[in-house]
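I have placed the structure first, in the form of structure tokens, so that the comments after it can refer back to it.
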Amino acid sequence: MDRIRRFLDEAWSELKKVSWPTREQTRNLTVLVFVVSFAVGIYITVLDVVFAQAVRLFSGAS
């Protein structure tokens, strides 16, 4: 039981040292993640369509 208590005390002590982001930083980074994810999704979709058309063209299927 002492080991668990010591672990929790040390974990809490380390959490107090963490530099937490502000609400504005969190919001900005969240928006950035959504925008980059959307852009990558569009990029992959365009490449998928291009390659699908190329395969269809070269395989002779319509």
Inset, instruction - Filter segment 1-32 for residues that are surrounded by 10 or more Cβ atoms within 10 Å (Cβ to Cβ) and under 24 Å from the mean Cα position of the chain (by Cα) and give the result. - result: Pro21, Gln25, Thr26, Arg27, Asn28, Leu29, Thr30, Val31, Leu32
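Determine whether segment 19-36 contains at least one residue that is among the β-branched types (Val, Ile, Thr) and assigned to a loop (DSSP other than H, G, I, E, B). First the steps, then the outcome.
The first filter runs over segment 19-36 and keeps only residues among the β-branched types (Val, Ile, Thr), leaving 22, 26, 30-31, 33, 35-36.
Cutting the leftovers down to assigned to a loop (DSSP other than H, G, I, E, B) gives us 22.
Yes, segment 19-36 contains at least one residue that is among the β-branched types (Val, Ile, Thr) and assigned to a loop (DSSP other than H, G, I, E, B).
No value in this document is a laboratory result; all are computed from the given coordinates. The shown structure was predicted, so the numbers you read here are calculated from the model rather than taken from an experiment. Here the Cβ is made from the backbone with ideal geometry for all residues, glycine too, and neighbour counts use every protein chain on show.
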